[in-house]
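Written out below as structure tokens is the structure these notes cover.
A short reminder: the numbers here are calculations on the coordinates, not readings from a lab. Keep in mind that this is a model prediction, so the values were computed, not measured. Positions of Cβ are generated from backbone atoms using ideal geometry, with glycine treated the same way; all protein chains shown enter the neighbour counts.
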Amino acid sequence: MASPSSADDLFDNLLKTDAKRLEEEERIAREKERDHAAKAQQRLKELIVDNSTLPVTISSIRLIGAEKTRRSFLDTLFNPILSANRNRPYTLSEALQEVGSATDKLRRFDIFHDGVSMFVDKPSPTDPSSTPTDIDIYIKATERGRIALKTGTDLGNTEGSAYGNLLWRNIFGGAESFNFNASAGTRTRSAYHGVFDMPISSDPDKRLQVDAVSSATLKPWANHEEVLKGAGAKYGWATNSGTKHSVGYTQTWRQITSLGPNASATVRAEAGDSVKSAISHTWIADRRNHPFIPTDGYLMKTVSEIAGWGPLRGDVAFWKSEMESSKSFAIPIPGIEGDSGVSFTTGFRAGMLYPLPVGFGSTSQPSRINDRFQLGGPTDVRGFKLGGLGPRDGPDAVGGDVFAAGSANLLFPVPRVGKDTPLRFQVFGNAGRLLALKDKGGNVQKSVYSTVAQLADGAPSLSAGVGLVYAHPVARFELNFSLPVVVRTGEEARKGFQFGVGINFLG
């Protein structure tokens, strides 16, 4: 006769044995289910391939799970695909391709969770209006929650900040959204930004945005604080080649205030209010295989802005244009098959600010410190302080009207970490030049031309260094040791370690 403890042990062993048996049966069932699903998927693919040229008629498209998305929005997306709205029949391959393209657009609205799926069925045989070639399309999706709240901290571009974000999705059932962000930091003392975004004609590549902003930012490199309040509207679209455009209008009230005790005469003279009324255009062609550590492809970007001229008014007027480009390619290493993880990237940026008359006047206005370019820092010309290059007035970096900067970066995997991680060593060289217009009171065109020509007069400011790069999904982190090689009189170099975080780096 077994003792009580032996009986308990026996009972426990039986329970464990039963649990293991049930777990094994569940595992086998899951494997069979996956196997059946894979075989069904394979049979479907074979069926589609075997019948790809079969003529079909799309009789209906039904979206399952769209409880808060309005019918008119979906009709604009899917109605053009229905066979009744076409002048020629589909083949099965064409029909699935068209519906797949519309389903991909549906994913890109960001109002549904990942995992949008599509399947095909024949209409009910009891439907007298159906024909043997009719098919019904079913799309299954799960809507995201309408409200998302997020708080956190950021560290980047030489400042730390805390932020809160509110995202309201699918406001009116047509993929509209409202995004409100509030932050406070060591340099940006306060910032509030609200954006209302909506697609045009149910197309994720055509969007209208209306935004408003209010911020107060310390500019320690120029001994002042800048306060901004403004609003604007922007329309963006993408072309068939994949390039992106946007045009917009903004009106912004700016104030230079809270001057430091050592503020220069230039900063003191420009203190106070100004109003900028401007239209802008942005063009982007991004063919890189990774936004932060690319090993192949190129980036081209231009930003153009006209402020204050003609009917725009305001009290500042200029044409401002900036371009950016980069090219990356992988470097093969003997003895390593496939991608070695070693890559070389070159980057180039340039910009020009051309003064214009305000309104319909005839006299061009000199540029203001609010609008001029700044150069130097851990995300562009490394080895220099923020605003460390270009014109200065005493302790203040007062910016320039013309600049050019370039970079060459060699990236390679960290030993024992591997090429499949987002961590890289880098060796880099940077160069840059920032200049103010020579004769601001004379012939503007002649002054701009002579200043541009001066960019090639002598060696630019140079730096070199080594560092670590980490490509986080939302930003690029760099810790570099920089050595200034060429420093012009008055410029502020930074020898030693620099830490940078951002999404746009010079190379």
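Using θ = phi - 60° and the Karplus form 6.51 cos²θ - 1.76 cosθ + 1.60, what ³J(HN,Hα) does each residue of segment 395-400 get, whole Hz, x for Gly and Pro?
Here the 3J(HN,Hα) series is x, 9, 7, 9, x, x Hz.
³J(HN,Hα) across segment 362-373 via Karplus (A = 6.51, B = -1.76, C = 1.60, θ = phi - 60°), whole Hz, x for Gly/Pro?
Those phi angles translate into 10, 10, 6, 9, x, 5, 9, 4, 4, 9, 6, 6 Hz.
If you stretched the chain out fully between T151 and S60, how much longer would it get, using 0.36 nm times the residue separation minus the C-alpha to C-alpha distance?
My answer for the length gained is 28.4 nm.
Please list, ordered by chain and number, the residues whose modelled amide H lies under 5 Å from the amide H of A397; skip anything fewer than 5 residues away on the same chain.
Counting only residues 5 or more places away or on other chains, the set is A222.
Name the long-range amide H neighbours of L437: under 5 Å, sequence gap of 5 or more, or other chain; modelled H, no Pro or chain starts.
D401
Hey, of (1) 278; (2) 176; (3) 127, which did the structure itself give for volume of the Cα convex hull per residue in Å³ when calculated?
The value computed from this structure is option (1).
Strictly over 28 Å apart at the Cα level, which of K32/K419; K150/K229; K105/K234; K276/K327 would you flag in this model?
K32/K419; K276/K327
Roughly what would the spin-label model give for K140 and V486, points 7 Å off Cα along C-beta, in nm?
Going by the 7 Å Cα→Cβ label model, 6.4 nm.
Full extension from V210 to K229: what is 0.36 nm times the residue separation minus their Cα-Cα distance, to one decimal in nm?
Difference between extended and current length: 5.4 nm.
All other residues with a Cβ under 10 Å from the Cβ of V267 taken together, and with Lys, Arg as +1 and Asp, Glu as -1, what is their net charge?
-1
Quick check on the chain: helices-only [θ] at 222 nm, where DSSP H runs of length 4 and up contribute -39,500 (n - 2.57) each and the sum goes over total residues. Nearest 500, please.
Helix contribution divided over all residues of the chain: -6000 deg cm²/dmol.
Could you pull out the chymotrypsin sites (Phe, Trp or Tyr not before Pro) across segment 306-396 that fall in loop regions by DSSP (anything but H, G, I, E, B) with no more than 14 other Cβ atoms inside 10 Å?
Listed in order of number, the matching sites are F360.
Which longest uninterrupted range of the chain lacks any GluC sites (Glu not before Pro) assigned by DSSP to a loop state (not H, G, I, E or B) and surrounded by at most 15 other Cβ atoms within 10 Å?
So the longest stretch without any such site is 68-336.
Looking only at segment 203-231, which residues have a backbone nitrogen under 18 Å from a spot 7 Å from the Cα of S101 in the C-beta direction?
Those under the cut-off are 203-206.
Separation between the I331 and D439 pseudo-spin-labels, each 7 Å from Cα along Cα→Cβ, expressed in nm?
4.7
Got a sec to turn the phi values of segment 319-327 into Karplus ³J(HN,Hα) couplings, 6.51 cos²θ - 1.76 cosθ + 1.60 with θ = phi - 60°, whole Hz, x for Gly and Pro?
Those phi angles translate into 10, 10, 9, 9, 10, 9, 8, 8, 9 Hz.
Using only the Cα atoms, work out Rg/Rh for segment 319-507, with Rh taken as the Kirkwood radius, to two decimals.
1.06
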